[in-house]
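Encoded as structure tokens, the structure appears first; notes follow it.
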Amino acid sequence: MKLQKIFKFIKFFFNINFRFDLPKKNKILLFDEIHADALKIIFKKDFNILKIRKKNIYFWIYLKQIIFFDFKFQSYCINYIKFTSPNVIICFNTLRFQLYQLKNYFKDINFISISNGTYFDNKYEARKKTWPKNLKCDYLFINNKFHVSRYKKIIKSNYRIIGYFRNNLVKINKTKPNKQFLYLSTLYANHLGVIDRHPNNFHKKLLNFINLYLIKYNKKIHILLRSSKEYPGHAFEINYYKKIFKSNCVLHRSNQWRKKYRKLDDFENIIFTFTAMGYEAIARKKKVAVFAPYKTKFSDYKYNVKTYFGWPGPDKKGFRFFSTKKITYNEVERVLNNVYNCSQSDWNKKYYNIIKDQSYYDSDNKEFRDFILKLAKI
């Protein structure tokens, strides 16, 4: 048994970067380095980072484990937390269940998890089957109230609504008159990190119907690309849309996440299917045309997934003016014309009020920041 542990240690040893200094004590700890840049903007204060993706291990903290042949990363996390003495531990990945396991060891520390996207039923069901039981968190900040019931089935926590934290960090600029449509790309990386080069038939059908609409009404469509220049699937994404729309499309790309939100603010009318940025556009009071079938078959899942607009909330009749679950040319034309011909003032009066609960906007994350700083006793 000891021999197996030694081999495990050797393998682990050569996949990490050791540091021979010691971390400073800090009242705030970020668990998992993702979105550290956003947290710096939110707090404008220093904080510690316990790196998960590219493990950066403090040797003198890890030494205690080596003596007892304990090479588990969880043990290192426990020792690191004890050494740095945070009042608050924050994670921007609600799917990082290791955070919830650590809560069992630190009753007096506030554990905070923040949602970073829009999940469908497949995500929740998969976690119910594969995650450990009795997971706990002090506060879980999520996009909207409709997802609370889904999270409660897998994580015991207090829940607060935050909207989308990165969207909250970008000031909403008043849109200059621009009635052209901006389509939010949905070409995505699957669970293996590989771009889906065979998008489902639903998207192909929708985009071809949109192209027929553009030709009929002599319009162009603007497309906000999902991938950055460095991403392996970037060229594929560009060629995919050019093949369908030919010269009828204008492509927008950016390697900086802030600029994508500013691009949203340049347009009155947003087209999306089920990308999180579409819901962020709602928080920015954009007029939206939504095409989302009741269920969709994704290439990396073996069953149909519920994807209707607003899931898991109710499917309201009032949504039908600007959305459809049935993808036919007549429906695409109806929805696009409804949104295009609707003034911003009419949209705000008649439709924004029935969808505003889909996504909340906390300007500059002020409510979130004040709440966390109070917990951290700063």
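The values are calculated or read from the model by the stated rules, or taken from the named source; none is laboratory data. Being a predicted model, the structure only gives us computed values, none of them experimental. No Cβ is skipped: glycine too gets one built from the backbone with ideal geometry, and neighbour counts run over all protein chains shown. These area figures cover heavy atoms from the full protein model, side chains too; ligands, DNA and RNA do not enter into them. Shrake-Rupley method; radii C 1.70, N 1.55, O 1.52, S 1.80 Å.
For this structure, a couple of remarks:
- Selection within segment 57-108 - of a type in the set (Gly, Ala, Ser) and either part of a loop (DSSP other than H, G, I, E, B) or at pLDDT below 95 (or both): SER85
- A count restricted to segment 230-252 and to residues that are on the phi < 0 side of the Ramachandran plot, part of a helix (DSSP H, G or I) and exposed (fewer than 13 other Cβ atoms within 10 Å of the Cβ) stands at 4.
- The residue that is surrounded by the most Cβ atoms within 10 Å (Cβ to Cβ), among those in segment 44-65 that are under 10 Å from PHE31 (Cα atoms) and without any contact (Cβ under 8 Å) to a residue 40 or more places away in the chain, is LEU50.
- Wholly enclosed strands (runs of 3 or more DSSP E) of segment 287-378 bearing at least 3 residues open to solvent by less than 60 Å² (accessible area, probe 1.4 Å) and touching a Phe, Trp or Tyr at 6+ places or on another chain (Cβ under 9 Å): 287-291
- Among the residues examined, LYS179 does not qualify as basic (Lys, Arg) and at pLDDT 95 or above.
- For ARG160, the criteria (1) farther than 30 Å from THR296 by Cβ; (2) assigned to a strand (DSSP E or B) hold in every case but one, which is (1).
- Taking each residue of segment 204-229 that is under 26 Å from TYR261 (Cα atoms) and assigned to a helix (DSSP H, G or I) and looking for partners that are hydroxyl-bearing (Ser, Thr, Tyr) and open to solvent by less than 20 Å² (accessible area, probe 1.4 Å) with beta-carbon atoms closer than 8 Å, six or more apart or interchain, yields LEU206/THR273; LEU207/TYR241; ILE210/TYR183.
- Test: residue in segment 116-134 that is in contact (Cβ under 8 Å) with a residue 60 or more places away in the chain and touching a helix residue (DSSP H, G or I) at 6+ places or on another chain (Cβ under 7 Å): yes
- The numbered conditions (1) at pLDDT 95 or above; (2) of a type in the set (A, V, I, L, M, F, W, C); (3) under 28 Å from ASN330 (Cβ atoms) are all true for PHE274 except (1).
Residues checked against (1) surrounded by fewer than 21 Cβ atoms within 10 Å (Cβ to Cβ); (2) of a type outside the set (Phe, Trp, Tyr); (3) more than 21 Å from ASP362 (Cα to Cα):
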| position | (1), (2), (3) |
| --- | --- |
| ASN93 | yes, yes, no |
| ARG96 | yes, yes, yes |
| PRO132 | yes, yes, yes |
| TYR139 | yes, no, no |
| ASN143 | no, yes, no |
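- In segment 109-126, the condition of being modelled with pLDDT of 90 or more and loosely packed, with under 15 Cβ neighbours inside 10 Å is met by no residue.
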